[in-house]
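Visitor: Attaching a single structure in structure tokens format; questions to follow.
The values are calculated or read from the model by the stated rules, or taken from the named source; none is laboratory data. Not measured: the values here are computed from a predicted model. Ideal geometry is used to build each Cβ from the backbone, glycine not excepted, and the neighbour counts take in all protein chains shown.
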């Protein structure tokens, strides 16, 4: 190519590039009255309302959102917290579902596991009931012996007093243990019922 042609073309390219670089930035913003404005700088007092930076051809190349009010920030924080909690619950439920499907081969397997667990707890409950009944009987016998001393105007021996006190504590402990076991049995049965329902839904969904 002729150098005399190449040099003017190169200069023209530089001139066009220089004009593009030198083109002032145009901003667009809306004032509190809803009027749209254009200019080379957004008034400082209106920047918090948000604005847009435009390319020479009018395209939006940057959009600055309005600053949120304290109420809007609080609302957004609350919304994000609820969303995070929901996502955490969903992730936890998904993990539980995977463990549930891994733990049992089929529905009958789950039912058998429930029955075995509850049967073991019932046997423990029967053992506590027997111990509690015997403790109550011992307590009544000891109280009767202490009463006999009192009727004969005799002081109750310290060893007998200690036996009455310790047996009374044992009766209370066994009664509390029975109540706590009853609560655990009810909770286990309820959990198994929920697991069974969930297992059915999961297996039917995968069919």
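Visitor: Restrict the check to the stretch 110-133 and report whether at least one residue is farther than 30 Å from residue 94 by Cβ and not in a helix (DSSP H, G or I).
Guide: no
Visitor: Tell me whether the stretch 166-174 contains one or more residues that are touching a residue at least 24 places away in the same chain (Cβ under 8 Å) and under 18 Å from residue 121 (Cα atoms).
Guide: So in the stretch 166-174, the residues touching a residue at least 24 places away in the same chain (Cβ under 8 Å) come out as 167-168, 170-171, 174.
So of that shortlist, the ones also under 18 Å from residue 121 (Cα atoms) come out as 174.
Looking through the stretch 166-174, at least one residue is touching a residue at least 24 places away in the same chain (Cβ under 8 Å) and under 18 Å from residue 121 (Cα atoms).
Visitor: Identify, by number, the condition in (1) assigned to a loop (DSSP other than H, G, I, E, B); (2) surrounded by 10 or more Cβ atoms within 10 Å (Cβ to Cβ); (3) without any contact (Cβ under 8 Å) to a residue 24 or more places away in the chain that residue 56 doesn't meet.
Guide: It fails just one condition, (3).
Visitor: Next question. Kindly indicate whether any position in the stretch 153-160 is more than 30 Å from residue 196 (Cβ to Cβ), at pLDDT below 95 and touching a helix residue (DSSP H, G or I) at 6+ places or on another chain (Cβ under 6 Å).
Guide: Yes; the residues of the stretch 153-160 include at least one that is more than 30 Å from residue 196 (Cβ to Cβ), at pLDDT below 95 and touching a helix residue (DSSP H, G or I) at 6+ places or on another chain (Cβ under 6 Å).
Visitor: Could you list, in sequence order, all residues of the stretch 23-36 that are over 18 Å from residue 67 (Cβ atoms) and surrounded by 11 or more Cβ atoms within 10 Å (Cβ to Cβ)?
Guide: Across the stretch 23-36, the qualifying residues are 25, 26.
Visitor: Further, regarding this structure: Residues of the stretch 62-88 being surrounded by fewer than 10 Cβ atoms within 10 Å (Cβ to Cβ) and more than 31 Å from the chain's Cα centre (by Cα), which ones?
Guide: Passing the criteria: only 65.
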